[in-house]
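**Student:** Let me give you the structure first, and then I'll get to my questions.
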Amino acid sequence: MRQNDEIDRTTYQFDPTHDPRWSDLVDKHSRASVFHTVPWLEALRQTYDYEPMAFTTSPPGSELKNGLVFCHIRSWLTGSRLVSLPFSDHCDPLCDSPEDLNTLIRGLQTALQDRKWGYLELRPANGNFSQTGDATGLLPIAKHFLHTLSLRPALNELFEALDKDSVQRRIQRAERAGLVEKCGTSKDLLKDFYALFVVTRRRHSLPPIPYAWFRNLIQSQREALEIRLAYKDKVPTAAILTLRFKDILYYKYGCSDARFNKYGAIPWLLWKAVADGKSHGATEFDMGRTEQEHTGLLAFKNHWTKSRKQLVYWRFPRVTAIDSTENWKLRLAKPVFSCMPKSLLTITGRLVYRHIG
């Protein structure tokens, strides 16, 4: 694929990981997130062999006024498609002009057949996107919730605003239990984190994301990523993985050993991350996407913040795809996953995840 490839007379394609204009746009745009960044795109490419590509109305060589970023997924199992972005909670179009956004989407819709893309999918966090989706024939295919916590109040005010029973007391219980926290990105921390992650995914009857994904994230994100582990008597009990971009802290992954849930390690680690993030200038805590049917996780996040909005994912054309987590085949497979040995479950995750982005 050429560095700049004309889709039509008004839409241009480029590689965002090699064109410095993309990083410039991400750095200055108010709706850019960690999921737009080159390190995130590089980790997706290295782990899953996805091809990052972006589209703009700005001609080659000119300053980028806007951009839509995707990964091109090629799969013998689930087909060829553009997703913005796989394994990312949200990814807003970086367009300030509705006219430019409509131009980009219509250009891609026209190119679908010629490029043999099965569909394109957008995952905006901007609630106003529904007007664009309706105008361009995009159809909603999934609805989730996104919780965010403002870190602007004083730390004691933040703590007092947390649910007393479900959050405050669990944090205090963890303190009394003498849990020990370790932070960083060392190989030993990653090993302990991933062991807990596999256990947690098995508990949820799902294969784990490949180990290589976390290794590649650490290599690409560097100091913007942190693993936090809680130990009880030197035994790993719970862990979280956070990312940082600009003044936003992102909670991306959490896992635990259910035998130690009584100690409240996850709330304790999250509070530690909030306090540390605030001390380093973070003004917002993005707690990530939650599926509507996950009532327990929704209740957990509601105890931290009342600030939540609906995330709607959009697709053109609308198709029923095997990659959907609501697919009946996956629901039937869940009992099998829950009985698999951990080693086989890990191999399964390594084989299937590149097909379901």
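**Student:** What distance in nm lies between label points placed 7 Å from Cα along the C-beta direction at Asn128 and Val235?
**Tutor:** The modelled label-to-label distance comes out at 5.3 nm.
**Student:** Ordering Arg176, Arg202 by how much accessible area each has at a 1.4 Å probe, largest first, what is the list?
**Tutor:** Arg176, Arg202
**Student:** Now for a separate question. Name the long-range amide H neighbours of Ala238: under 5 Å, sequence gap of 5 or more, or other chain; modelled H, no Pro or chain starts.
**Tutor:** Distant-sequence amide H within range of Ala238: Ala230, Asp257.
**Student:** Suppose every K and R has +1 on its Cβ and every D and E has -1 on its Cβ; what is the size of the dipole of the chain about the Cα centre, in Debye to the nearest 20?
**Tutor:** I would put it at about 1540 debye.
**Student:** Sticking with this structure for a sec: Nearest 10 degrees, 0 to 90: what angle lies between the long axis of helix 98-115 and the longest principal axis of the chain (Cα atoms)?
**Tutor:** The angle comes out near 80 degrees.
**Student:** Ordering Lys301, Lys191, Lys116 by how much accessible area each has at a 1.4 Å probe, largest first, what is the list?
**Tutor:** So the residues, ranked largest to smallest area, are Lys116, Lys191, Lys301.
**Student:** Moving on. Say R0 is 35 Å: what FRET efficiency, to the nearest 0.05, do Leu155 and Gln219 get from their beta-carbon distance?
**Tutor:** 0.60
**Student:** Calculate how many DSSP beta bridges within the chain are antiparallel, expressed in % of all such bridges and rounded to the nearest 5.
**Tutor:** Just about 90 percent of them are antiparallel.
**Student:** If Cys339, Cys95 are ordered by their accessible area, calculated over protein heavy atoms with a 1.4 Å probe, which sequence runs from highest to lowest?
**Tutor:** If we order Cys339, Cys95 from most to least accessible, we get Cys339, Cys95.
**Student:** Tell me, what % of the accessible area of the stretch 7-105 is carbon and sulfur with a 1.4 angstrom probe?
**Tutor:** Its accessible area is 51 percent carbon and sulfur atoms.
**Student:** Long-range amide H contacts for Ala142: which residues qualify at under 5 Å (H placed 1.01 Å from N, peptide plane, sequence gap of 5 or more or a different chain)?
**Tutor:** Tyr313
**Student:** Under 18 Å Cα-Cα from Lys143, which aspartates and glutamates qualify once same-chain neighbours fewer than 8 residues away are excluded?
**Tutor:** Asp89, Asp92, Glu121, Asp134, Asp286, Glu291, Glu293, Asp323, Glu326
**Student:** Over the chain, calculate the relative contact order: mean separation of alpha carbon pairs under 8 Å at least 6 apart, over the residue count, as a percent.
**Tutor:** Averaging sequence separation for qualifying contacts and normalising by length gives 22 percent for the chain.
**Student:** How far apart, in nm, are the 7 Å Cα→Cβ label points at Ala212 and Ser62?
**Tutor:** Going by the 7 Å Cα→Cβ label model, 4.0 nm.
**Student:** What accessible surface, in Å², does a 1.4 Å probe find on Lys278, ignoring ligands, DNA and RNA and rounding to the nearest 10?
**Tutor:** Only protein atoms counted, so the area is about 60 Å².
**Student:** Zone of Lys306 (label point 7 Å along Cα→Cβ, backbone N under 20 Å): which residues in the stretch 134-149?
**Tutor:** The answer is 145-149, whose backbone nitrogens lie closer than 20 Å to the label point.
**Student:** Within the set of other residues whose C-beta is less than 13 Å from the C-beta of Asn128, count the net charge using Lys and Arg as +1 and Asp and Glu as -1.
**Tutor:** -1
**Student:** Give a residue-ordered list of calculated ³J(HN,Hα) values for the stretch 17-22 (Karplus: 6.51 cos²θ - 1.76 cosθ + 1.60, θ = phi - 60°; whole Hz; x for Gly, Pro).
**Tutor:** 7, 10, 9, x, 5, 5
**Student:** Just from its helices, what would the mean residue ellipticity at 222 nm be for the chain, if runs of 4 or more DSSP H residues each count -39500 (n - 2.57) and the sum is divided by every residue, rounded to the nearest 500 deg cm²/dmol?
**Tutor:** Helices in the chain give a 222 nm mean residue ellipticity of -11500 deg cm²/dmol.
**Student:** Compute the long axis of helix 38-48 from its Cα atoms, compare it with the longest principal axis of the Cα atoms of the chain, and write down the angle in degrees, 0 to 90, nearest 10.
**Tutor:** Result, in degrees: 90.
**Student:** Kindly state, to the nearest 0.05, the FRET efficiency for Gln172 paired with His204, given R0 = 30 Å and r defined as their beta-carbon distance.
**Tutor:** 0.60
The values are calculated or read from the model by the stated rules, or taken from the named source; none is laboratory data. Nothing here was measured: the structure is a model prediction, and the numbers come from that model. Neighbour counts run over all protein chains shown; Cβ positions are idealised from the backbone, glycine included. The protein model used for the area step is the full one, side chains on, heavy atoms only, and it has no ligands, DNA or RNA in it. Shrake-Rupley method; radii C 1.70, N 1.55, O 1.52, S 1.80 Å.
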